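Participant: Take this structure first; my questions come after.
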Amino acid sequence: MAAGCMGSRLRALMQKECVALPGAFNGLVGRLVAEHGFKGTYLSGAALTASMGLPDIGIASVDVFSAKIREIVAVSNLPMIADADTGFGEAEMVRKTVEDYAAAGAAGLHIEDQVFPKRCGHLDGKTLVEINTFADKVERARQASERCSGGQFIICARTDAAGVPSEGFDRAVQRATEYVAAGADMIFPEGLHSKEEFARFAVEMRKLKGPAPNGGPFMLANMTEFGKTPYLTVDEFSKLGYHCVIFPVTTLRSAMKPVQEVLTLLKDEGTVEPFLDRMYSRKELYNTLQYTPGLEWSYPSQTNKD
């Protein structure tokens, strides 16, 4: 797959609609996202590290992320925005991250303006780097995108300033404005608290130059559970001026709760038979894998045929 191909696909989709991007933390979930008709997917650092038994504090390397991107994109054939935390280092590593993610098949990435080690965007106690320091990272990311994909690989800048007491909403807008000037073609305002804040942020961004249909950068909204953001639908985010909505940990949380329950059942009763009707059956699994026992299976047998 040519670097930038997936970026071009996602850009074209966002010109027409607000794209729902459910999180996929492995290839099987990526297949299910495609199977259910979604047009793109998202790789969350929080979900990836949790699936490894680790907290979301920047422990996993760029190689781990790139391998997971390749795994998911190869079988789903969906454009993916991938979390890149703080860029895995300074300017040199940000360039490498863009090149590695693009080569793995991602449509784009987002990097954030937190100090390393970072925290989940919906936790308190975050600390941010200076605006010019992060703008320099964004500029290097843009240069790498131009080199490896003709600029089609999407560079999304996330700012956590709205949730930091010493910064706040207006400072978040100022930061995002600087990041767009440095080369970001998508903005991710993290930790907004209300519909009104989402609307105001999008209005400010439309005043800038950028690739979005009505001007300004593309806008990404994070609809995570148990966070600071109210529960809004994809249609509501669209009307507020957003072009994609990520559901970063939704599939992991939804998968792990039944795992917890079936293990409790097995421990208490020594059998899982009462749980069978809640399991993903062998037939369902084989259908998702596009596998028929006894017949040759051809890798990667992508779920999305577009």
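Participant: Just name the residue that is farthest from Val75 (Cα to Cα) out of those in the range 250-288 that are among the basic types (Lys, Arg) and within 27 Å of the chain's Cα centre (by Cα).
Facilitator: Lys257
Participant: May I pose another question? Suppose we keep only residues that are of a type in the set (Ser, Thr, Tyr) and outside any helix (DSSP H, G or I) within the range 124-160. Which one would you say is farthest from Ala181 (Cα to Cα)? Before the answer, list the steps.
Facilitator: Looking only at the range 124-160, we keep the residues that are of a type in the set (Ser, Thr, Tyr), and these are 127, 133, 145, 149, 159.
With outside any helix (DSSP H, G or I) added as a condition, the list becomes 127, 159.
Working: Thr127: 23, Thr159: 14 Å.
Only one residue fits best here, namely Thr127.
Participant: Filter the range 42-61 down to residues that are open to solvent by less than 10 Å² (accessible area, probe 1.4 Å) and in a helix (DSSP H, G or I), then give me how many there are.
Facilitator: Looking only at that region, the number is 4.
Participant: Next question, about the same structure. Here is a list of conditions, (1) on the phi < 0 side of the Ramachandran plot; (2) in contact with a strand residue (DSSP E or B) (Cβ under 8 Å, 6 or more places away or on another chain), and Asp85 meets all of them except one; can you say which number that is?
Facilitator: (1)
Participant: Same structure again: Any residue in the range 266-285 that's within 20 Å of Val29 (Cα to Cα): show its pairings with residues that are charged (D, E, K, R) and assigned to a helix (DSSP H, G or I) at Cβ separation under 9 Å, as long as the two are six or more apart or on different chains.
Facilitator: Correct list of pairs: Arg278/Glu261.
Participant: Moving to a separate point now. So which of Thr264, Thr288 ends up being open to solvent by less than 100 Å² (accessible area, probe 1.4 Å), modelled with pLDDT of 95 or more and under 30 Å from Ser8 (Cα atoms)?
Facilitator: Matching residue, one of Thr264, Thr288: Thr288.
Participant: Tally the residues that are open to solvent by less than 20 Å² (accessible area, probe 1.4 Å) and more than 20 Å from the chain's Cα centre (by Cα), restricting the search to the range 145-167.
Facilitator: 1
Participant: Please find, among Thr251, Thr177, Thr224, Thr233, the residue that is open to solvent by 10 Å² or more (accessible area, probe 1.4 Å) and within 29 Å of Gly151 (Cβ to Cβ).
Facilitator: It is Thr177.
Participant: I would also like to ask the following. Among (1) under 15 Å from the mean Cα position of the chain (by Cα); (2) more than 24 Å from Thr250 (Cα to Cα), where does Thr86 come up short?
Facilitator: Exception for Thr86: condition (2).
Participant: Would a scan of the range 8-15 turn up a residue that is without any contact (Cβ under 8 Å) to a residue 60 or more places away in the chain, of a type outside the set (Asp, Glu) and closer than 30 Å to Ser281 by Cβ?
Facilitator: No, that holds for no residue.
Participant: Looking at the range 123-144 only, could you name the residues that are open to solvent by 30 Å² or more (accessible area, probe 1.4 Å), in contact with a strand residue (DSSP E or B) (Cβ under 8 Å, 6 or more places away or on another chain) and modelled with pLDDT of 95 or more?
Facilitator: If the condition is that a residue be open to solvent by 30 Å² or more (accessible area, probe 1.4 Å), in contact with a strand residue (DSSP E or B) (Cβ under 8 Å, 6 or more places away or on another chain) and modelled with pLDDT of 95 or more, then Arg142 is the only one that fits.
Participant: So which residues in the range 26-41 are open to solvent by less than 20 Å² (accessible area, probe 1.4 Å) and of a type outside the set (A, V, I, L, M), if there are any at all?
Facilitator: Correct list: Gly27, Gly30, Arg31, Gly40, Thr41.
Participant: Quick one: count up the residues across the range 267-285 that are among the charged types (D, E, K, R) and surrounded by 10 or more Cβ atoms within 10 Å (Cβ to Cβ).
Facilitator: Total meeting the criteria: 3.
Participant: The conditions are (1) under 22 Å from the mean Cα position of the chain (by Cα); (2) modelled with pLDDT of 95 or more; (3) open to solvent by 70 Å² or more (accessible area, probe 1.4 Å), and Leu295 fails exactly one of them. Which is it?
Facilitator: (1)
Participant: Considering only residues that are within 20 Å of Lys228 (Cα to Cα) and open to solvent by 10 Å² or more (accessible area, probe 1.4 Å), which ones fall in the range 180-206?
Facilitator: Of everything in the range 180-206, those that are within 20 Å of Lys228 (Cα to Cα) and open to solvent by 10 Å² or more (accessible area, probe 1.4 Å) turn out to be His193, Ser194, Lys195, Glu196, Glu197, Ala199, Arg200.
Participant: Output the qualifying pairs, or none if there are none: Cβ atoms under 8 angstrom, residues six or more apart or on different chains, first residue in the range 203-215 and among the charged types (D, E, K, R), second residue open to solvent by 70 Å² or more (accessible area, probe 1.4 Å).
Facilitator: Every condition considered, the pairs that remain are Arg206/Asn214.
The values are calculated or read from the model by the stated rules, or taken from the named source; none is laboratory data. Given the structure is predicted, the values throughout are model-derived calculations rather than measurements. As a convention, Cβ positions derive from the backbone with ideal geometry for all residues, glycine included, and neighbour counts pool all protein chains shown. Keep in mind that these areas ignore ligands, DNA and RNA; they rest on the heavy atoms of the full protein, side chains included. Shrake-Rupley method; radii C 1.70, N 1.55, O 1.52, S 1.80 Å.
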